[in-house]
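Below: one structure, written as C-alpha cells.
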Amino acid sequence: MQTCEAIIAEACYLLRRVLGAVPDLLMNVHRGRFRVEYQMQRRVEPLARLIKKYADVPMDLADACLVDMATVLGTSRMLTLDAEFAIYRWGKNRPFDLLIDV
C-alpha cells in the first residue's frame, strides 16, 4: 500500500496513546507493508495549489499529499476516514473511489 510521510506522521499522532501501535506502524513501513515513495519536496507547488484551492474545506498537508499522490500515481482508490475526500478531486476533477464509506 502506498502512502506518504505526512500520513505516517498523522497516524503516529492518532495512535500515540495505543501501547505499541507507533513502533508497530513504523516497523510495517520498514517491512514494506506501507511504501513511502512519494517525495513532498518534489511536489511543493502542486501541494500549495491544492491547499489554496480547498482553503474553505480546509485541506491539511497530509490530505494534500494524498490528493497529489493520486494524481501522480493515476489512481482514484483511497483508504481514508476523512469525509473531505468526498469533496476533494484528483487529476482533472475526478472523484475518489473511497474504500470506506465515511
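Nothing in this text is a laboratory measurement; each read-out follows from the coordinates by a stated rule. Remember, it's a predicted structure, so these values are computed and weren't measured experimentally. Don't worry about glycine lacking a Cβ; one is built from the backbone with ideal geometry, like all the others, and counts go over all protein chains shown.
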*Over segment 5-98, what number does the Rg to Rh ratio reach, with both radii from the alpha-carbon atoms and Rh per Kirkwood?*
0.98
*Calculate one ³J(HN,Hα) per residue across segment 32-40 by plugging θ = phi - 60° into the Karplus curve 6.51 cos²θ - 1.76 cosθ + 1.60, and present them in order as whole Hz with x for glycine and proline.*
x, 5, 10, 8, 10, 9, 5, 10, 4
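In debye, nearest 20, what is the charge dipole magnitude of the chain about its Cα centre with +1 on Lys and Arg Cβ and -1 on Asp and Glu Cβ, if you could check?
On the way: 14 positive and 13 negative charges, 58 e Å.
With only Lys, Arg, Asp and Glu charged at Cβ, the dipole is about 280 debye.
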*Among 20, 74, 32, which one shows the biggest mean-square fluctuation in a GNM of the chain, springs joining Cα atoms closer than 10 Å?*
20
*Can you list the residues, at least 5 places off or on another chain, whose amide H is less than 5 Å from the amide H of residue 2, using H built in the peptide plane?*
35
*Could you pull out every residue, at least 5 positions away or on a different chain, whose amide H is within less than 5 Å of the one on residue 91? Hs are placed 1.01 Å off N in the peptide plane, and Pro or chain starts have none.*
71
*Of 88, 38, 13, which has the largest mean-square fluctuation in a 10 Å C-alpha GNM of the chain?*
13
*FRET efficiency for residue 16 and residue 79, Cβ-Cβ distance as r, R0 = 25 Å, nearest 0.05?*
0.75
*With springs only between Cα atoms under 10 Å apart, run a GNM on the chain and tell me which of 31, 49, 89 wobbles the most.*
31
